[in-house]
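Heads up, the thing below is written out as structure tokens.
The values are calculated or read from the model by the stated rules, or taken from the named source; none is laboratory data. Everything quoted here is computed from the prediction, not taken from an experiment. Ideal geometry is used to build each Cβ from the backbone, glycine not excepted, and the neighbour counts take in all protein chains shown. Keep in mind that these areas ignore ligands, DNA and RNA; they rest on the heavy atoms of the full protein, side chains included. Shrake-Rupley method; radii C 1.70, N 1.55, O 1.52, S 1.80 Å.
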Amino acid sequence: MSFEFKFGAQDVRVLDDQRVWSGHYSMRKITLQHRRFAGGWSDPLVRELFERGDAIAVLPYDPETDSLVMIEQFRPGALRGDDSPWMLELIAGVVEAGERDEDVVHREAFEEAGCELSELVPIATVFPSAGGCTEQVRLFCGRVIKASIGGLHGLQDEGEDILVHSMGRRDALKMLAENQIPNGHTLIALQWLHIHGESLRERWC
């Protein structure tokens, strides 16, 4: 069974579009109308949109050892009470204009984890918070050739401080089941691996 949306891009009118902030990230303020399910058009809506640019994220998997390469780093957005703002997550990076996703995957894997990958398998394309952010993230699983397990990585001029971990697939899925993976991209990738892990290992071994 296929699903078809009632409306498309042609059912939105952008009345005004202004860039109101430009720094490490940027912010746009748009005024728009969209068609309503009951018929007609909405009143003009004013919304601020946070712009990070599009990104990739990759889950490196070694089928020989049935293990994953994960990275740990500080995330200021996760500062909340007594919870640790350090996260266990996928390797990820921003896709600049004109770059191919696959090239960014390989570059970021090496920069963030000293990781070399061979075959890449697409997992999903997601909008992490489409109500207020334009970012689209393309997720992949990559076959590990080698990685700098226990190494410290990241670009100093970008303030990165990254620790590289190796984790058994079953251990990672146990953390997922116990609600210990609060990072959205990582959660999605591990759910995918839970479904496809056995067939992927058979294919790559």
Open item on the list: Using only alpha-carbon positions, what ratio does the radius of gyration of the chain give when scaled by 2.2 N^0.38 Å?
Closed with: 1.17
Task: Rg/Rh (Cα only; Kirkwood hydrodynamic radius) as it applies to the range 92-181 - done: 0.98
Open item on the list: For L59, what residues show an amide H to amide H distance below 5 Å, using hydrogens built from the backbone and excluding near sequence neighbours?
Closed with: F140, C141, G142
- [ ] State the percentage of accessible surface on the chain attributable to carbon and sulfur atoms; use a 1.4 Å probe and exclude ligands, DNA and RNA.
- [x] 51
Task: Average accessible surface area per residue within the chain, 1.4 Å rolling probe, Å² - done: 61
Task: More than 13 angstrom apart: percent of Cα pairs within the range 42-94 - done: 74
Task: Helix-derived mean residue ellipticity, 222 nm - over the chain, DSSP H n ≥ 4, -39500 (n - 2.57), to 500 - done: -7000 deg cm²/dmol
Task: Gain upon complete extension [R100, H165; 0.36 nm per residue less C-alpha separation] - done: 20.7 nm
TODO: Assuming R0 = 25 Å, can you tell me the calculated FRET efficiency for the pair R28 and D157, based on Cβ-Cβ distance, to the nearest 0.05?
DONE: 0.40
Task: Eligible lysines near K174 by straight Cα distance, threshold 25 Å, same-chain separation 8 or greater - done: K146
TODO: Choose one answer from A97, A113, A38: the residue with the largest mean-square fluctuation in a GNM of the chain with alpha-carbon springs under 10 Å.
DONE: A38
TODO: Grab the other residues whose beta carbon is less than 13 angstrom from that of F7, score K and R as +1, D and E as -1, and report the net.
DONE: +2
